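Q: This is the structure, below, for whatever I ask next.
We did not get these values from a lab; they are worked out from the coordinates using the rules stated. Just so you know, these numbers come straight off a predicted model, no measurement behind them. Note: ideal-geometry Cβ built from the backbone for every residue, glycine included; neighbour counts use all protein chains shown.
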Amino acid sequence: MRSLLFVPADGGNKLDKAMASGADAVIIDLEDSIAPERKEAARKACFDFLKSNSGKADRPRLLVRINGLDTGMTDADLDAIVPGKPDAVVFPKAEGGTSAVHLDAKLTAREAVVGLPEGAIKVLAQAVESAAGLFLAGTFKDSSKRLIGMTWGPEDLSAELGAEANRDEHGLLTEPYRLARNICLYGAAAAKLPAIETVYVDFRNSEGLRRDTEMARRDGFTGRLAIHPAQVAVINEVFTPTPDQIAKAKAVIAAFAANPGAGAIGIGGKMFDRPHLVRAQALLARVAK
């Protein structure tokens, strides 16, 4: 998934616009964008939307961001949405592999009740949204077969730290949040999961979004969360391999296939070794999805 667009569960026609935005996934939000007194109505709206759209063939993936385990609202969220058959849930403040096991069990019980196969509903973990989550980000490996990726969130983290801001006057992440971002990358790599970059909140700044997203791709992220439909096209473009990149990847793979015992290969006057082969294979795997 290159682009994952957040929409409030009670967003009305915003949900329909999100479906037509070109995003690879639409995240129906029951968490931050929904005030406590509106949670119940939002759950019903979420279920109704899932029921109307989950069976359609030509659609983006449908994810639901539930409320975290520490809120006391997770069970009510899952009771409401699992019958609607979302493709996955976004798991906020996911603090390590133990929390993933906990959520997995809750999903398994509800899948059985509604007749879904065990593991049908996947999980995208917002793994670095708290200080505790940062220290536990390396513990997700083999915790749940449902996991399809890891992401992070500077907004909740900065609130916990009591920080005045998480970006500087140039729009760049400040040091504590660069650390959190890097930990998410390493945690995802350790768990062999895709790393999804966080939101870029200045949604009218397309130039800043492009620059920030290109840095994310450079560093190893494979997709990005979005908060406005206008961001989707830029995110998709940045995370879509170009024909030149695809051709180079195919050339690297072909060269190693022709020389299976080689540790390094010369192509066009440049030396390529096994890590280059791994990166080429990963790039083509993303294209094939």
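Q: Does A127 satisfy the criteria of being in contact with a helix residue (DSSP H, G or I) (Cβ under 8 Å, 6 or more places away or on another chain), in a strand (DSSP E or B) and touching a residue at least 24 places away in the same chain (Cβ under 8 Å)?
A: Here the answer is yes, as A127 does meet what is asked.
Q: Report the residue count in region 31-68 for those that are within 19 Å of the chain's Cα centre (by Cα) and farther than 18 Å from S21 by Cβ.
A: The number of residues fulfilling the criteria is 5.
Q: Can you pull out every residue in region 101-123 that is among the hydrophobic types (A, V, I, L, M, F, W, C) and under 16 Å from D77 (Cα atoms)?
A: L103, A105, L107, A109, V113, V114, I121, V123
Q: Scan region 177-189 and report the pairs whose first residue is farther than 10 Å from G220 by Cβ and whose second residue is surrounded by fewer than 19 Cβ atoms within 10 Å (Cβ to Cβ) and not β-branched (V, I, T), with Cβ atoms within less than 6 Å and a gap of 6+ or a chain change.
A: Matching pairs, first to second residue: G187/G138.
Q: Just to be sure before I move on: is L30 touching a helix residue (DSSP H, G or I) at 6+ places or on another chain (Cβ under 6 Å) and surrounded by 21 or more Cβ atoms within 10 Å (Cβ to Cβ) in the structure I sent?
A: Yes; evaluated as a whole, the condition is true for this residue.
Q: Additional query: Does E95 count as over 23 Å from R2 (Cβ atoms) and more than 19 Å from the chain's Cα centre (by Cα)?
A: no
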